[in-house]
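Since the structure comes first, as structure tokens, the remarks are kept for the end.
The values are calculated or read from the model by the stated rules, or taken from the named source; none is laboratory data. Everything quoted here is computed from the prediction, not taken from an experiment. All Cβ positions, even for glycine, are placed from backbone atoms using ideal geometry, and neighbour counts span all protein chains on display. These accessible areas exclude ligands, DNA and RNA; they are computed on the full protein's heavy atoms, side chains included. Shrake-Rupley method; radii C 1.70, N 1.55, O 1.52, S 1.80 Å.
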Amino acid sequence: MKTTARSVRALKGVRPLVCLTAYDAATARMAAEGGADLLLVGDSLGTVVLGLPDTVGVTLDMMIHHTAAVSRTVRDRLVVADLPFGVGHDSFSKVLNACRRLLQDGGAQAVKIEGGTSLAPVIRRLVDAGVPIMGHVGLMPQRSRARGLRRQGLTPGERSQLIADARAIDDAGVFSMVVECVEPSFMPSVTAAVKAPTVGIGSGRGCDGQVLVIHDLLGLTPEPPPFARPEARLHREAVAAVRRWAAKVRRPSSR
Ligand code: KIV
């Protein structure tokens, strides 16, 4: 049965949600055949696929191009596309138009937006317009140039801001939310504070589900983040395969 925003939301308290990023036909097939409930075309696209230094350079056209590849390949899973850097702070008509393009041209079924209390009113209007929204709070990589990349929820001030952010987007109608790099001992409080399922990355086990960048899981990233714990070493195996083939090609007898 196809997963939808509604079926994902209904999983809270029933069973953990399994989410993976995908950026093209190959990663979409691997994630879906491996049993992921939700495929996220994250703007990590910029760093893991396009060789950019961070997610800031990822444009709407790049997101649509890769979302279309994923949604053409896998039809029975919820495909969620990231709203790129800065777009959420545009005028509402521009935000709605960007979401429309991700859904209509990219074939996504839902859009993920990084942001808490400041973006909750925009999220509410998008949900009202019929766009299923996945939230993203805690560490927000799109703000890394201004705020750096560091664990969240360490001080009492950060903890109350995190709860306020999570509650604001929950009230605005997100069907689930990514919670990134939050102090694991505080994560159960965030999960208990909201009705939508929390999907953690680097936030420990106190979440309603987990998401990983598929390149980190498969050992395709040279330096995966410490929490990722690769289940395979595909980069190493691929290099070894290329070396074997190159050696065969160079062997005089094979000419
Ligand atoms: O861009 C992305 O891939 C993400 C996940 C890491 C949650 O936001």
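Conditions (1) at negative phi; (2) within 16 Å of the chain's Cα centre (by Cα); (3) of a type outside the set (Val, Ile, Thr), marked per residue:
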{"site": "LEU17", "(1), (2), (3)": "yes, yes, yes"}
{"site": "TYR23", "(1), (2), (3)": "yes, yes, yes"}
{"site": "LEU38", "(1), (2), (3)": "yes, yes, yes"}
{"site": "VAL74", "(1), (2), (3)": "yes, no, no"}
{"site": "VAL79", "(1), (2), (3)": "yes, yes, no"}
- request: Among the residues of segment 167-188, write down those that are more than 15 Å from the ligand (Cβ to nearest atom) and of a type in the set (Gly, Ala, Ser).
  value: ALA168, ALA172, GLY173, SER185
message: I want to confirm something. Restricting to segment 169-192 and keeping residues that are in contact with a strand residue (DSSP E or B) (Cβ under 9 Å, 6 or more places away or on another chain) and farther than 16 Å from ASP208 by Cβ, which single residue is surrounded by the fewest Cβ atoms within 10 Å (Cβ to Cβ)?
response: GLU183
- prompt: What residue, of THR67, THR4, is hydroxyl-bearing (Ser, Thr, Tyr), touching a residue at least 40 places away in the same chain (Cβ under 8 Å) and closer than 23 Å to THR191 by Cα?
  reply: THR4
message: Being open to solvent by 20 Å² or more (accessible area, probe 1.4 Å), more than 17 Å from the chain's Cα centre (by Cα), more than 21 Å from VAL8 (Cβ to Cβ) and within 15 Å of the ligand (Cβ to nearest atom) is the requirement here; does PRO121 meet it?
response: no
message: With the structure loaded, tell me whether SER144 is within 15 Å of the ligand (Cβ to nearest atom) and assigned to a helix (DSSP H, G or I) or whether it fails that test.
response: yes
statement: THR21 fails exactly one of (1) touching a helix residue (DSSP H, G or I) at 6+ places or on another chain (Cβ under 7 Å); (2) more than 23 Å from ALA196 (Cα to Cα); (3) within 14 Å of the ligand (Cβ to nearest atom), namely (2)
message: Under 7 Å between Cβ atoms, which residue pairs at least 6 apart in sequence (or on different chains) link something in segment 171-197 that is closer than 19 Å to PRO225 by Cβ with a partner that is hydroxyl-bearing (Ser, Thr, Tyr) and assigned to a loop (DSSP other than H, G, I, E, B)?
response: VAL179/SER203; GLU180/SER203; CYS181/SER203; VAL182/SER203; PRO184/SER203; MET187/SER203
task: Consider only pairs whose beta carbons are under 9 Å apart and that are at least six residues apart or on different chains; among these, list those whose first residue lies in segment 242-255 and is surrounded by fewer than 10 Cβ atoms within 10 Å (Cβ to Cβ) and whose second residue is part of a helix (DSSP H, G or I) and modelled with pLDDT of 90 or more.
output: SER254/LYS248; ARG255/VAL249
field: Within segment 99-118, considering residues that are of a type outside the set (Ser, Thr, Tyr) and more than 16 Å from the ligand (Cβ to nearest atom), the one least open to solvent (accessible area, probe 1.4 Å)
entry: CYS99
query: Residues of segment 143-153 being within 19 Å of the chain's Cα centre (by Cα) and crowded, with 23+ Cβ neighbours inside 10 Å, which ones?
result: GLN152
query: Would you say GLY200 is free of Cβ contacts under 8 Å to residues at least 24 places away in the same chain, within 16 Å of the ligand (Cβ to nearest atom) and open to solvent by less than 20 Å² (accessible area, probe 1.4 Å)?
result: yes
- prompt: Of the residues that make up segment 217-233, is at least one within 27 Å of ASP37 (Cα to Cα), basic (Lys, Arg) and open to solvent by 30 Å² or more (accessible area, probe 1.4 Å)?
  reply: yes
